[in-house]
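Before any comments, here is the structure.
Computed from the coordinates by the stated procedures, all read-outs in this text should not be read as laboratory data. Keep in mind that what you see is a predicted model, and the values were worked out from it rather than measured. Every residue, glycine as well, gets a Cβ built from its backbone with ideal geometry; the counts of neighbours run over all protein chains shown.
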Amino acid sequence: MIQVRDLFKRYPSGTVALDGVSLDVAAGEFVALIGSSGAGKSTFLRCLNGLVTPTAGHVSVDGREVTGASRSGLRGVRASVGFVFQQFNLLKRLSVLHNVLVGTLSRVDMWRSLLGRFPGGELDRARRTLGRVGLAGLDDRRADTLSGGQQQRVAIARALVQEPRVLLADEPMSSLDPASSRAVMELLQDINREDGLTVIASLHVLDLAVTYGRRIVGLRAGRVVHDGSSAGLTQAAAEAIFGGEPL
Amino acid sequence: MSSGRRWAGGLAIAAAFIWSAWSTEVSLGRLVEGIPFMLDFIGRMLPPDPRVLGQALRGALQTLQIAVAGTAVGAVLALPVAFAGARNTSPRWAFYWTRSALNAFRAIDTLVYALFFVAAVGLGPFPGVLAVVVYTATVLAKLYSEAIEAMDPGPVEAVEAVGATRLQVLRWGVVPQLLPQFLSFTLYRFETNIRAATVLGFVGAGGIGFYIQTHLRLMNYPAASTVLLVLVAMVMLVDFASSRLRARLV
């Protein structure tokens, strides 16, 4: 489903975020991407849907080239990849329903979308998706009146309504309290199991990664330093990923 | 700050004040001597002359119209300039030149623009509208561009991430963040423009100011006070309505 070869990213500031990352992810996997902050997790995920353009290397998702894709090619890739952000990145003043409808933009007619006239079928789909993430009935609430956990569910609904093949989540719970974190991770797990969506979630909390990720990939200083099943994650491996910091 | 520097700072401010007051012939004595004349002036303004009420209302209406037309056109002109003058939506050189030009234009007040446009297109409310347009466009462009710079890039990135086109990103990622602020700034500017437009008549650029100046010059103080009362009522009414509206936007 996802192929990454020798990915390298140097920012204009000179920071090397990715230093030769290669990774294959099969359809239906749930990968927990772990590493301390600055290890390159966010950059890696953003290279997968072209939000960040790598300096060198190769990415393809679901058989489509991401690196070197044209503007419209990139839109096609992004349409099939849901992305969930650490800070939710909702439009705070818009209704919950409109935030979810943003996920349909690549499908709906451009002019209708600019006028905010979404087709009835998409409205139904958006409402169903809100029900799926446990937010039925909150359609008309302004996004910023919801709790953090609810806002992240809206963001997940926005990604799901895209009907993507892949769901990328960049530290989806690090702005949330422990209970909401678990709820969000369980939701991602359900989506992975029931819909067969390929999920890559970056996490900086090891126990969440071990609980929810069937496969754990450890990044450190822009390199893959661990790749294995969660069962096989040893103390030594964890120290290699986090550099012997207290966990 | 050391106490020595504080003393030096205080001394400098005091010196600047004394120098300025002396140069501008500030005199408490002359102010006190003037008090009877002020009271006499106010006395002669009373009671207001109701016969000029219709004229005052027409002037107020025209001032309102100048402010509405000038603010609307100025706001529209400010939009593209604001994006050119925002650090995050404009190349560095364009940002630099736009901001510098805006600062230069903004240094000149509406009344000075009015003098310029009266000379260019003749007397009447039209040069007044033009003056309000130019000043409003430059002020709003600055305020808008600051709002653009303060915009949260997160939601914009999120709309890009679903595979939206550039126009869709603008409509669903940018506009929802900026529109309420832009409307609020525009309304605030409208309130200020009403006040600026009240004196446009002094230079022949239309509105209620013409009547104020005429009656004062003819020493028809009761008529002048009627016009002033209408002006105060109009400004208060607009301020009230506009600030209520702005409170609902945020």
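Of A:48, A:105, A:33, which is the most mobile in a GNM of chain A whose springs link Cα atoms less than 10 angstrom apart?
With Cα springs under 10 Å in chain A, the top fluctuation among A:48, A:105, A:33 is at A:105.
Considering amide H positions built from the backbone, and no H for Pro or chain starts, which residues 5 or more places from residue B:49, or on another chain, come under 5 Å of its amide H?
It is B:223, B:225, B:226, by chain and number.
List residues of segment B:135-163, by number, whose backbone nitrogen lies under 17 Å from a label position 7 Å along Cα→C-beta of residue B:88.
Counting only backbone N, you get B:142-161.
Work through the residues other than residue B:174 whose Cβ is under 12 Å from its Cβ and net out their charges, Lys, Arg +1 and Asp, Glu -1.
On the way: positive: B:166, B:171; negative: B:152, B:157, B:160.
My count for the surroundings of residue B:174 gives -1.
For helix A:178-195, report the angle its Cα long axis makes with the longest principal axis of the Cα atoms of chain A; keep it between 0 and 90° and round to the nearest 10°.
It is inclined by approximately 80 degrees.
Ordered by residue, what ³J(HN,Hα) values in Hz, to whole numbers, does segment B:25-33 give under the Karplus form 6.51 cos²θ - 1.76 cosθ + 1.60, where θ = phi - 60° and Gly and Pro are x?
Running phi through 6.51 cos²θ - 1.76 cosθ + 1.60 with θ = phi - 60° gives 6, 5, 8, 4, x, 5, 5, 5, 4 Hz.
How large is ³J(HN,Hα) for each residue in segment A:105-116, as worked out from phi by the Karplus curve 6.51 cos²θ - 1.76 cosθ + 1.60 (θ = phi - 60°), to whole Hz, x for Gly and Pro?
3J(HN,Hα) across segment A:105-116, in whole Hz: 4, 6, 9, 7, 4, 3, 6, 4, 5, 5, 7, x.
Quick one: grab Rg to one decimal and Dmax as a whole number for the protein assembly as shown, Cα atoms only, in Å.
According to the Cα coordinates of the protein assembly as shown, Rg and Dmax are 31.5, 98 Å.
Using a cut-off of 12 Å between beta-carbons, work out the net charge of the residues near residue B:146 (Lys and Arg +1, Asp and Glu -1, residue B:146 not included).
Once positives and negatives cancel, what remains is +2.
Just A:237, A:159, A:143 to compare: in a GNM of chain A, with alpha carbon springs under 10 Å, which one fluctuates most?
Looking only at A:237, A:159, A:143, the largest GNM fluctuation is found for A:237.
Rank the residues B:135, A:11 as a footprinting-exposure proxy: fewest other Cβ atoms within 10 Å of their Cβ go first. Provide the component values of the computation, followed by the final result.
Details: B:135 25, A:11 11.
Fewest to most other Cβ atoms nearby, the residues stand as A:11, B:135.
Evaluate the relative contact order of segment A:94-163 (contact order divided by residue number), counting alpha-carbon pairs under 8 angstrom at least 6 apart; express in whole percent. Walk me through the numbers before you get to the answer.
Values: 74 pairs, mean separation 35.5, N = 70.
Dividing the mean separation by the residue count of segment A:94-163 yields 51 percent.
Enumerate the amide H contacts of residue A:7 below 5 Å, restricted to partners 5 or more residues apart or on another chain; note that Pro and chain-start residues carry no placed amide H.
Amide H neighbours of residue A:7: A:20, A:21, A:22, A:58.
Over what distance in Å are the Cα centres of segment A:168-207 and segment B:48-63 separated?
Rounded to whole Å, the Cα centres lie 68 Å apart.
Assuming 1.002 mPa s and 20 °C, estimate D for chain A with Stokes-Einstein, Rh taken as the Kirkwood radius over Cα pairs, in µm²/s. Display every interim value, and only then the final one.
Numbers: Rh = 18.5 Å.
Estimated via Stokes-Einstein, D reaches 116 µm²/s.
Stretch residue B:104-residue B:32 to full length: gain in nm at 0.36 nm per residue minus the Cα-Cα span? Walk me through the numbers on the way to the answer.
Details: separation 72, 0.36 × 72 = 25.92 nm, distance 4.02 nm.
Additional length available on full extension: 21.9 nm.
So what are the ³J(HN,Hα) numbers for segment B:145-162, from phi and the Karplus equation (6.51, -1.76, 1.60; θ = phi - 60°), rounded to whole Hz, Gly and Pro as x?
Once rounded to whole Hz, the list reads 5, 5, 5, 5, 5, 8, 5, 6, x, x, x, 5, 4, 5, 6, 4, 5, 8.
Kindly express, to the nearest 10 degrees and within the range 0 to 90, the angle between helix B:92-106's C-alpha long axis and the longest C-alpha principal axis of chain B.
Once rounded, the angle reads 10 degrees.
Where in segment B:58-157 are there GluC sites (Glu not before Pro) that are in a DSSP coil and have at most 13 other Cβ atoms within 10 angstrom of their Cβ? The partial results should precede the final answer.
On the way: sites: B:146, B:149, B:157; in loops: none.
Here no loop site has a sparse enough neighbourhood.
Using the alpha-carbon atoms, what tilt in degrees (0 to 90, nearest 10) does helix B:221-249 show relative to the longest principal axis of chain B?
Value to nearest ten degrees: 20.
For segment B:60-249, calculate the relative contact order in percent as a whole number, restricting contacts to Cα pairs under 8 Å that are 6 or more residues apart. Walk me through the intermediate numbers first.
On the way: 257 pairs, mean separation 53.2, N = 190.
Answer for segment B:60-249 is 28 percent.
Counting other C-beta atoms within 10 Å, which of A:220, A:71, A:142, A:158 has the fewest, and how do the rest follow?
Details: A:220 19, A:71 9, A:142 15, A:158 32.
Ranked by crowding around the Cβ, least crowded first: A:71, A:142, A:220, A:158.
What is the mean projected area of the alpha carbon convex hull for segment B:125-250, to one decimal in square nanometres? Spell out each step's value before the answer.
Details: hull surface 37.1 nm².
Computed as one quarter of the Cα hull surface, the answer is 9.3 nm².
Would you work out the relative contact order for segment A:1-142, in percent, from Cα pairs under 8 angstrom that are 6 or more residues apart?
On the way: 166 pairs, mean separation 26.9, N = 142.
So the answer I get is 19 percent.
Which one of A:26, A:183, A:201 has the biggest mean-square fluctuation once chain A is modelled by GNM with Cα springs under 10 Å?
Comparing A:26, A:183, A:201 in a Gaussian network model of chain A, the most mobile one is A:26.
Using a Förster distance of 25 Å, how high is the FRET efficiency between residue A:235 and residue A:174, based on the Cβ-Cβ distance and rounded to 0.05? If you can, show how the numbers build up before the last one.
Working: r = 23 Å, r/R0 = 0.93.
Efficiency at R0 = 25 Å is approximately 0.60.
Between beta-carbons, use under 13 Å as the cut-off and find the net charge around residue B:93, counting Lys and Arg +1, Asp and Glu -1.
+3
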